[in-house]
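Engineer: Below are the structure tokens for one structure; questions will follow.
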Amino acid sequence: VRTITGLYGSGQDEEVHKVIAGTLEALGAAVLQWQQQDNAFILHQPDIVGMYYDTLACGLSQPALARLLLAQWIEPLIAKALELLPECNHPKVLCAVLLTLSRLTGWLHRPLPPVFSSVTESANRLVQACLLPL
């Protein structure tokens with residue numbers, strides 16, 4: 001999924017972007033569900049969690065794909081990423097989470113064509129909801 005996101009996320013085909021966003025949404029829901037079933041899931045399966053956040057960060061690097069990713073479903077995943085930071089001892093997971101958060105905040109105050117203004121607005125909303133309360 002990471003390779004497909006990297007290769008096709010920067011393309012112009014909106015249908016491909018929808019498939020990638022849908023796949024990332026489903027994988028994110030699975031990560032959150034596994035974590036609810038086993039609170040130590042992140043400790044037991046750090047590679048799955050790290051790879052997921054790395055793939056999410058890859059998708060957030062392209063405005064056309066980020067516009068689809070910054071929908072309502074991403075907020076619990078960003079909140080979970082913030083929960084992981086203080087106690088995360090796994091370097092790959094920590095790196096992937098920090099990269100995801102930096103890509104998210106990277107959309108703030110960036111001049112984008114008007115068609116992508118929703119990317120900045122969505123990123124700002126998520127930062128306001130998830131990061132500022134800290």
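Engineer: Can you give the helix-only mean residue ellipticity at 222 nm for the chain, where every DSSP H stretch with n ≥ 4 adds -39500 (n - 2.57) and the sum goes over all residues, rounded to the nearest 500 deg cm²/dmol?
Structural biologist: Dividing the helical sum by the residues of the chain leaves -21500 deg cm²/dmol.
Engineer: Here is a further query. Starting from the residue with the highest accessible area, list Thr5, Thr105 in decreasing order, probe 1.4 Å.
Structural biologist: Greatest to least solvent exposure: Thr105, Thr5.
Engineer: Assuming R0 = 22 Å, can you tell me the calculated FRET efficiency for the pair Val127 and Leu43, based on Cβ-Cβ distance, to the nearest 0.05?
Structural biologist: Calculated transfer efficiency: 0.20.
Engineer: Using 1/(1 + (r/R0)^6) with R0 = 41 angstrom and r between the beta carbons of His90 and Val115, what's the FRET efficiency to the nearest 0.05?
Structural biologist: The computed FRET efficiency comes out at 0.60.
Engineer: To check my understanding: the extent here is largest minus smallest coordinate of the Cα atoms along each principal axis. What are those three numbers for the stretch 48-129, in Å, largest first?
Structural biologist: 40, 22, 21
Engineer: Nearest 10 degrees, 0 to 90: what angle lies between the long axis of helix 91-106 and the longest principal axis of the chain (Cα atoms)?
Structural biologist: Between the helix axis and the principal axis of the chain, the angle is about 30 degrees.
Engineer: Please compute the net charge surrounding Ala123, taking Lys and Arg as +1 and Asp and Glu as -1 over other residues with Cβ under 11 Å from its Cβ.
Structural biologist: Taking every Cβ under 11 Å from that of Ala123, the sum is +3.
Engineer: Follow-up question, since we're still on this one. Nothing charged except the Cβ atoms of Lys and Arg (+1) and of Asp and Glu (-1): what's the magnitude of the dipole of the chain about its Cα centre? Round to the nearest 20 debye. Each step should come with its number before you reach the end.
Structural biologist: Values: 8 positive and 11 negative charges, 56 e Å.
In debye, rounded to 20, the chain gives about 260.
Engineer: Relative to the longest principal Cα axis of the chain, at what angle does helix 75-84 sit, 0 to 90 degrees, rounded to 10?
Structural biologist: On a 0 to 90 degree scale, this one is about 40.
Engineer: So, one more: Could you do me a favour and compute the accessible area per residue for the chain, 1.4 Å probe, result in Å²?
Structural biologist: Ligands and nucleic acids excluded, the result is 55 Å² per residue.
The values are calculated or read from the model by the stated rules, or taken from the named source; none is laboratory data. Just so it is clear, the structure is predicted and the values come from calculations on it, not from any experiment. Cβ: placed from backbone, ideal geometry, glycine included. Neighbour counts: every protein chain shown. We work out accessible area using only protein heavy atoms, side chains counted, and drop any ligands, DNA or RNA first. Shrake-Rupley method; radii C 1.70, N 1.55, O 1.52, S 1.80 Å.
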